[in-house]
1. Computed FRET efficiency, Cβ-Cβ of T453 and N313, R0 45 Å: what is it to the nearest 0.05?
2. Report the label-to-label distance for A200 and D411 in nanometres (one decimal), using points 7 Å from each Cα along the Cα→Cβ vector.
3. Ranking request for peptides 204-210, 247-253: highest mean number of other beta-carbon atoms within 10 Å first, then the rest in descending order.
4. Can you quote the Å³ per residue value for the convex hull of the Cα atoms in region 73-205, rounded to an integer?
5. Just how much of M220 is accessible, in Å², when a 1.4 Å probe is used and the result is rounded to the nearest 10?
6. Please calculate how many Å² of accessible area region 344-481 carries per residue, with a 1.4 Å probe and no DNA, RNA or ligand atoms counted.
7. On the full set of protein chains, 1.4 Å probe, figure out the accessible area of K470 and give it in Å² to the nearest 10.
8. Share of Cα-Cα pairs in region 228-370 beyond 19 Å, in percent?
Amino acid sequence: MNIMNVDYSTKIPNNVNLSEDRQVLKALEGWHPGYMDWWNDMGPEGFQQSLVYLRTAYSVDPRGWAKFDYVRMPEYRWGILLAPQEENRVIPFGENYGKPAWQEVPGEHRATLRRLIVIQGDTEPASVEQQRHLGKTAPSLYDLRNLFQVNVEEGRHLWAMVYLLQKYFGRDGREEADDLLRRRSGDADSPRMLGAFNEATPDWLSFFMFTYFTDRDGKMQLHSLAQSGFDPLSRTCRFMLTEEAHHMFVGETGISRVVQRTCEAMNQAGIADPADIARVRALGVIDLPTIQKKLNLHYSLSLDLFGSEVSTNAANAFNAGIKGRYRETQIDDDHQLKNATYPVLKLVDGVIRRVDEPALTALNMRLRDDYTQDCVKGLLRWNKIISLAGFNFELALPNVAFHRQIGEFKDVNATPEGALIDDAIWNARKGEWLPSTADGDFIASLMKPVTGTGAYANWISPPKVGIDNKPGDFEYVKIET
Ligand code: BYC
């Protein structure tokens, strides 16, 4: 078969020759009904019979891999797609640097690999669960469609990890695949594995922040796993990254459009001070200080997803050749980090300082630094919108010590500027930095569905271009009531 094109003749579309891999096909077909039950119970609430203008991957050729058409979500073809195998690929880092990449799981690294694949897999359905209520309050059909596109692709990413578990990890892999359908975001008894995936996504501003900041953690983690010496994982993650780009686009442009609309409304009403929250809110748009609070929340939750700054887990995964660095192959060093150090932010005598640590154990910190740099790009765009509109206000990333639950700063309180404060000050002032109940109630009051073609809620601007270059009045979702 041609690896570039996807075989749609089996129940599960794929480019991994499933029709000749009977055992794995059987395992996946056995898992399918449970997945559909999960999708029906925990996937988007409502709209399951609506026709949604979705893209489906039909090839893994980066020049043209998706086709757009109306699909009912339960009929979306969730498939197994791996990027083409690179000939003679070698392990690009760690103790096995330069040796041929593994096509099978090396026995000694089986547990570590399985753990990373399970963690990755767990985040995908979690995000769908977190976003399941949002369809009811979408600000437009365009946004509704984007939400569903993100959701079906997160579902596909779960399939991607389940394929790896079922093909390469035998019985434990099948058990893990079942458990991925059993855990639930925010459940007291059986929560999702990582913190941020048990938080609520109560409104559309949170959705945009999540797709900007949390999906970007996904990007960084997938890039690191795409370097893996375990070739099937590398190829899987490489293709997932193609889809992931749209999710972050939804976040970046979503926040841009909220900021744009707020600035426009303030200008029309002659409001010069962005901090004049009551007057701005009276216009039915989200004030900039509240946008900053949401940003503070989602950025800090996403920083926690990188684990501890200094981590032996990360060092072991790197040494083993399982999880590399962001853009590993483009880094000019020994790729083994034998004597290298890396500056890590730490609390030293009550002061936040950079301290050199062995680079091997500082890999989480390094990836988090790469992530922060990537996050800054969106802020520059949003701040440009604000300054072009004539306002003296800048959105900023909070300090890494702010509102942390994992790592070096989990036991201290800090302001968004990074000043360390005691519990009393934190409790008295946290409402200035994180969304309060009143902020949440105000945003919730704006969340009214807008379902006319080409119509948008008052609190968000229309996008600059349509999906698949469709015109402004395109009916992205044919709502079935
Ligand atoms: N919450 O050495 P440590 C995505 C645990 S997002 C709860 O500090 P390590 C997506 C850790 O498991 C990307 N527990 O950290 C986005 C360990 O527990 P055990 C998802 C946490 O292991 C949007 C202990 O603390 N992919 O794709 O170096 C929508 C000590 O660990 C957390 C991945 O994350 C936490 N935040 O790094 C849809 C890639 N942090 O084993 C999808 C795979 C740490 O001692 N995962 N712990 O019981 C990894 O590479 C690593 O496991 C982590 C943690 C980066 C998560």
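1. Details: r = 50 Å, r/R0 = 1.11.
That pair, T453 with N313, gives E of 0.35.
2. Computed distance between label sites A200 and D411 equals 3.2 nm.
3. Values: 204-210: 24.9, 247-253: 20.3.
Highest-to-lowest ranking by the protection proxy: 204-210, 247-253.
4. Working: hull volume 20.6 nm³, N = 133.
Measuring per residue, one finds 155 Å³ for the Cα hull of region 73-205.
5. M220 exposes around 0 Å² with every protein chain in place.
6. Numbers: 7400 Å² over 138 residues.
Computed with neighbouring chains in place, this is 54 Å² per residue.
7. Its heavy atoms expose roughly 60 Å² to the probe.
8. On the way: 6798 of 10153 pairs.
Beyond 19 Å sits 67 percent of the P(r) for region 228-370.
The values are calculated or read from the model by the stated rules, or taken from the named source; none is laboratory data. All of these numbers come straight from a predicted model, not from anything done at the bench. Please note: Cβ atoms are built from the backbone with ideal geometry, for glycine as well, and neighbour counts cover all protein chains shown. Surface areas here come from the heavy atoms of the whole protein model, side chains and all, with no ligands, DNA or RNA. Shrake-Rupley method; radii C 1.70, N 1.55, O 1.52, S 1.80 Å.
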